[in-house]
Amino acid sequence: MDDIAQPYGPLIETTMRVITWNVWGRFGPWEQREGAIRATLDRHDADVVALVEAWGGQERRFGMPHHVFAGDVVSNGATSGIAVLSRWPITRHEWVRLSGGGDTGGDVLCTELDGPRGPVQVFLAALAWRLEHSAERQKQVREIAACIAERQSRRHPTILCGDFNADPDSDEIRMLTGKTEPAARDLVFYDAWATAGTGGPGHTWANTNSWAAPMLWPDRRIDHVLSAWPRRGGAGHPVHCEVIGTDPIDGILPSDHYGVLADLRY
């Protein structure tokens, strides 16, 4: 990276599409919502889909050939957890529980995909959810960063996504985006929305969502697609990012969260 004009070498022009989405488990009219989630995912035709508050068996109904689910919380008659769905084979996966107990717990699903232009690493995270849990989330972010630092390939895209329950200016996200001391040495990420968002605040928890409004929380951007840098050719660099799932399907909003779609160089 000595060439100031091309520090990453010639930039990769092809992309991969990643969606992360908290799909709210089996709450509300979940069967109709599941249809709306499937319709929204079909519309956007992602290569990788990372779901938080998915439920066991759901991942097989979303039309993607490869998938892995991890979770052990029984809610409304189903096991709730996190899932990675992929157009490409999932060659490795590992589920890591994070510190905290009860509703302060969290987890990360570490996967490696056999993509057509080389491996892709996807780490899907779900962190402690309460507003006052920043200290717990900071500890969880350090644990996730240690997992990534131990497993990452610096030659291929490394993606960290999911529901962080933390705004971009929070200490826990700042540790990941180079705005304060990093959670692990030399590990820093692009924020896809900050880098290539379509404009506006990018809220994924919003009072415009009738499922979210009863919580009386402020509008927040708490679901993120982050990609590690630098990589040769700019692999992983976000070129487009948008919020999805904002429109009702057959009169039903898909989830209490909006999802995040990002196109990354690959």
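The values are calculated or read from the model by the stated rules, or taken from the named source; none is laboratory data. This is a predicted model, so every value here is computed, not measured. Glycine gets a Cβ as well: all are built from the backbone with ideal geometry, and neighbour counts include every protein chain shown. Accessible surface areas use protein heavy atoms only, side chains included; no ligands, DNA or RNA. Shrake-Rupley method; radii C 1.70, N 1.55, O 1.52, S 1.80 Å.
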Worksheet item: Out of all the residues in segment 48-62, which are under 19 Å from the mean Cα position of the chain (by Cα) and small (Gly, Ala, Ser)?
Response: 50, 54, 56
Fill in: Identity of the residue in segment 236-266, among the hydrophobic types (A, V, I, L, M, F, W, C) and out of contact with any Leu (no Cβ under 8 Å at 6 or more places or on another chain), that ends up farthest from residue 219 (Cα to Cα)
264
Response to the item:
Going through segment 168-187 in order, the residues found to be open to solvent by less than 40 Å² (accessible area, probe 1.4 Å) and in a loop (DSSP other than H, G, I, E, B) are 168, 170, 175, 176, 177, 183, 184, 187
Practice prompt. Output the number of residues of segment 2-23 satisfying the condition of being under 23 Å from the mean Cα position of the chain (by Cα) and open to solvent by less than 40 Å² (accessible area, probe 1.4 Å).
Written response: 7
Worksheet, complete the sentence: Taking segment 222-266 and keeping residues open to solvent by 40 Å² or more (accessible area, probe 1.4 Å) and closer than 18 Å to residue 41 by Cβ leaves 240, 242, 246, 247, 248, 250
Worksheet item: Just wondering, is there one or more residues in segment 89-105 that are under 23 Å from residue 66 (Cα atoms), touching a helix residue (DSSP H, G or I) at 6+ places or on another chain (Cβ under 8 Å) and small (Gly, Ala, Ser)?
Response: no
Worksheet item: Somewhere in segment 26-43, is a residue open to solvent by less than 60 Å² (accessible area, probe 1.4 Å), of a type in the set (D, E, K, R) and free of Cβ contacts under 8 Å to residues at least 40 places away in the same chain?
Response: yes
Worksheet item: Just to be sure, is residue 226 touching a Cys at 6+ places or on another chain (Cβ under 9 Å) and closer than 18 Å to residue 204 by Cα?
Response: yes
Worksheet, complete the sentence: Selection from segment 120-145 of residues touching a Leu at 6+ places or on another chain (Cβ under 9 Å) and open to solvent by 40 Å² or more (accessible area, probe 1.4 Å) yields 136, 139, 143
Worksheet, complete the sentence: Of the residues in segment 45-78, those that are open to solvent by 50 Å² or more (accessible area, probe 1.4 Å) and of a type in the set (A, V, I, L, M) come to 73, 74
Response to the item:
residue 108 meets each of (1) free of Cβ contacts under 8 Å to residues at least 24 places away in the same chain; (2) closer than 20 Å to residue 222 by Cα with one exception, condition (1)
Fill in: Residue selected from segment 79-102 under the condition over 20 Å from residue 56 (Cβ atoms) and open to solvent by 40 Å² or more (accessible area, probe 1.4 Å), by the criterion nearest to the chain's Cα centre (by Cα)
87
Fill in: Single unsatisfied condition, residue 206 versus (1) of a type in the set (A, V, I, L, M, F, W, C); (2) in contact with a strand residue (DSSP E or B) (Cβ under 7 Å, 6 or more places away or on another chain); (3) within 25 Å of residue 140 (Cβ to Cβ); (4) surrounded by fewer than 23 Cβ atoms within 10 Å (Cβ to Cβ)
(2)
Worksheet entry | Residue check for residue 199: modelled with pLDDT of 95 or more, part of a loop (DSSP other than H, G, I, E, B), on the phi > 0 side of the Ramachandran plot and open to solvent by 30 Å² or more (accessible area, probe 1.4 Å) | no
Worksheet item: Can you name the number of the only condition in (1) out of contact with any helix residue (DSSP H, G or I) (no Cβ under 6 Å at 6 or more places or on another chain); (2) free of Cβ contacts under 8 Å to residues at least 60 places away in the same chain; (3) of a type in the set (D, E, K, R); (4) on the phi < 0 side of the Ramachandran plot that residue 137 fails?
Response: (1)
